[in-house]
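Values in this text are rule-based calculations from the coordinates and carry no lab data. All figures in this text were calculated on a predicted structure; none of them were measured in a lab. All Cβ positions, even for glycine, are placed from backbone atoms using ideal geometry, and neighbour counts span all protein chains on display.
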C-alpha cells in the first residue's frame, strides 16, 4: 500500500532548505560585517581599553601566563564590539569573570562579551552574530543562558556605573598603558606556548562547572610525572646533588642523609 505524504510532511524539506538558506545568508552577512569591522584593524580606543583590561589588578595571577590581550582582541572581533560595548564588557569582567573559577577563561570571555553586546543592542540586530557564534561554538547559546541565569543580578547595568567605568578608561594614568609585563603578551602572539592555544580552542559549553586548573606550564608535576625521557644528569639530579660524579669530576663530600643541601622530596613538585 502506498503511503501518502501529508501536506505537513511535504513541507519539511522546503522548511529545512529555507532554514539552511537563511543560515547561509546570515553567515554571509556576518562575513561582510566582520570585513568592515576589521578593515583598518581595531580602533586605537579599543586597543587601549583592551590593554587596560589585560593589565587590571583584578586579573588572577594564574591567568597572566596566558596571552590575555590576544584572547581579548579575538573575542572583541567575534562580537564586533564597539568602544562603549568594550566598556560594558569590562564591567562584566570585573563583576563576574575574574572571580569565577568554575569555567575556562575563554568561555567566560565569550559569555560576558555576548552579554555586553545584548545589553546595548536590539536582539533582532544580532541574528548574524548569533548564527556565526553558534556555528563556531556549538552549544554556546545553551551554555550562555545557564551562565546568565546564575549571574543575572550582577549583570544589571546602571547609568551611573556605566559613566564611572567610562571615566575610568578615559582618565586612566599614562603609566598604566606602558606596562612592560604585558609586552610578554606580544611575544605569546608570535609564538604561543605549546598546548595553551590548543586547550583554549577546545571549548565545551555544556560541561559541569569545575575548578580552574593552573596552566600546565606552571605545574611542575607534569615535568616529573615520568623519568623515561629525562637526560641521565637530570635523572640523577632528582636523586642526588652530586652532579660532579656524572661529569667525571671529583665527587662531593657525602654528608649523608642529614646533609643540609639535600632537597626534600616535596621540593621537586
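Overview of results
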{"item": "Segment residue 166-residue 127, extension gain: residue separation times 0.36 nm, minus the distance between their alpha carbons", "result": "11.3 nm"}
{"item": "Gain on full stretching of the segment that runs from residue 135 to residue 120 - 0.36 nm per residue minus C-alpha separation", "result": "3.1 nm"}
{"item": "FRET efficiency, residue 74 to residue 156 (Cβ-Cβ, R0 35 Å, nearest 0.05)", "result": "0.85"}
{"item": "Separation of the residue 146 and residue 35 label points, Cα + 7 Å toward Cβ, nm", "result": "3.8 nm"}
